[in-house]
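Written below as structure tokens is the structure these notes are about.
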Amino acid sequence: MKIAVIGSTGQLGADLVKTLSTKHEVIGFTHSDIEVADYDSLVILKEQNPDVVINTAAFHKTDQCEEEPQKTFCVNALGARNIALITAEIGATTVYISTDYVFDGSKNEPYTEEDIPFPLSTYGISKLAAEHFTQQNPKHYIIRIASVFGKAGASGKGGNFVETMINKAKNNDPIVVVDDMFMSPTYTIDAASILKGLLELQLPYGVYHATNKGFCSWYQFAQEIFQATNLSPDLKPTKSDPAYGKARRPLFSALASTKLSKYNLEPRSWKEALHAYLIEKGHILKDS
Ligand SMILES: NC(=O)c1ccc[n+]([C@@H]2O[C@H](COP(=O)([O-])OP(=O)(O)OC[C@H]3O[C@@H](n4cnc5c(N)ncnc54)[C@H](OP(=O)(O)O)[C@@H]3O)[C@@H](O)[C@H]2O)c1
């Protein structure tokens with residue numbers, strides 16, 4: 001397959017390029033190559049004529065999205081619409097990367113692909129709008145991930161939670177993390193492998209949840225990071241403050257897939273994935 005990856009230097013994009021290149025022709029597009037909100041800058045996709053276009057681009061600083069709803073919708077929703085239109089025109093498949101923040105958290109157990117989204121924030125609403133626009137190309141996959149960690153670190157957010165925790169611990173900073181907000185972490189290598197499998201097996205078009213298996217609170221995630229790396233910082237749990245930040249966030253946004261196991265694409269647990277990431281980054285040794 002000839003596969004275009006938009007946002008190719010981002011946290012997920014970099015691992016998609018790496019993983020897909022093992023078997024396919026991959027063309028990576030950075031933000032300086034393409035502005036997803038600008039239809040004209042996407043003409044390059046027509047010239048390249050790929051079989052698949054994966055859109056990882058997003059404005060995803062959740063609190064800033066509340067202050068800049070126009071930019072949020074231009075990049076996330078309009079960007080997805082532009083790509084759906086172009087891919088439909090050239091007969092390519094669109095892959096849109098979405099989020100657990102399309103849910104409000106009231107289910108209190110993991111959300112599956114069948115659950116009805118109800119986002120709380122401007123970011124979540126823009127991503128849900130993007131999911132709808134993506135469906136304008138009948139050949140589409142919507143891949144929901146959450147709480148991402150990957151070697152490249154999120155360029156849009158300046159790193160990831162794992163690196164933030166390790167840096168704080170090494171600086172002997174006191175660390176306070178919420179223990180009432182639950183999610184399913186996603187290792188970018190694993191999400192990229194699932195996506196590769198899904199494309200190669202030509203799974204039915206639609207929505208797929210591709211986080212790692214299981215869920216934890218952010219506090220439990222931090223505890224696991226420190227246990228695995230043998231760091232012992234001053235870590236304390238706290239309750240989330242509804243007044244914190246501008247965006248409303250779901251308290252329970254764990255995701256589970258009812259589809260992937262049918263195709264032998266079930267992800268490993270978030271703890272195994274975290275361990276693999278810590279090895280990849282050189283934070284721990286292979287058999288520790
Ligand atoms: N990070 C998370 O925890 C998380 C959780 C759930 C879902 N997601 C979703 O997963 C996807 C990938 O996240 P990530 O962590 O890999 O993000 P990332 O590291 O910020 O990567 C996004 C990439 O897209 C590029 N980009 C940003 N705006 C663009 C635009 N308007 N036009 C073209 N390219 C643009 C960025 O380039 P520049 O940096 O040069 O602008 C970057 O290379 C996003 O759709 C995000 O909404 C992320």
Inset, instruction - Starting from the Cα of K236, step 7 Å along the direction of its Cβ; do the same at I279; then give the gap between the two resulting points in nm. - result: 3.6 nm
Legend entry - Dipole of the range 204-285, positive direction: furthest Cα of A243, I284, C216, with charges on the beta-carbon: A243
Legend entry - Dipole-positive endmost among N108, H275, T22 within the chain (Cβ charges, Cα centre): H275
Inset, instruction - Go through the range 1-54 and name the trypsin sites (Lys or Arg not before Pro) that are in a DSSP coil and have 14 or fewer other Cβ atoms within 10 Å of their Cβ. - result: K23
Inset, instruction - Please calculate the 1.4 Å probe accessible area of S106, with all protein chains present, and give it to the nearest 10 Å². - result: 80 Å²
Inset, instruction - Provide the FRET efficiency to the nearest 0.05 for the K23-A152 pair, computing r from the beta carbons and using R0 = 22 Å. - result: 0.60
Legend entry - Cβ charges +1 (Lys, Arg) and -1 (Asp, Glu), total dipole of the chain, debye: 360 debye
Inset, instruction - Enter the Cα centre distance for the pair the range 206-248 and the range 150-187, rounded to the nearest angstrom. - result: 8 Å
Legend entry - Over 24 Å between alpha carbons, listed pairs K213/K259; K259/K281; K168/K196; K46/K259; K170/K286: K259/K281; K168/K196; K46/K259
Inset, instruction - Go through the range 226-266 and name the chymotrypsin sites (Phe, Trp or Tyr not before Pro) that are in a DSSP coil and have 16 or fewer other Cβ atoms within 10 Å of their Cβ. - result: Y244
Inset, instruction - Using a/c under 1.5 as the rounded threshold, could you call the chain rounded, prolate or oblate? The axes a ≥ b ≥ c are square roots of the C-alpha gyration tensor eigenvalues, and prolate needs a/b larger than b/c, oblate otherwise. - result: prolate
Legend entry - Formal net charge of residues neighbouring V207 (Cβ-Cβ distance under 13 Å; K, R +1; D, E -1): -2
Inset, instruction - Note down the net charge around H24, summing +1 for each Lys or Arg and -1 for each Asp or Glu among other residues with Cβ under 12 Å from its Cβ. - result: +1
Inset, instruction - Pop a pseudo-label 7 angstrom from the Cα along the beta-carbon direction at both T258 and H31 and give the gap in nm to one decimal. - result: 3.8 nm
Legend entry - Residue order for K168, K246 - accessible surface, 1.4 angstrom probe, largest first: K246, K168
Inset, instruction - First select every other residue whose beta carbon is under 14 angstrom from the beta carbon of T164; then total the charges, Lys and Arg +1, Asp and Glu -1. - result: +2
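The values are calculated or read from the model by the stated rules, or taken from the named source; none is laboratory data. Predicted, not measured: the structure shown is a model, and the values here were computed from it. Here Cβ is always computed from backbone atoms with ideal geometry, including for glycine, and neighbour counts include all displayed protein chains. Quick note on the areas: whole protein, heavy atoms, side chains included, nothing else; ligands and nucleic acids left out. Shrake-Rupley method; radii C 1.70, N 1.55, O 1.52, S 1.80 Å.
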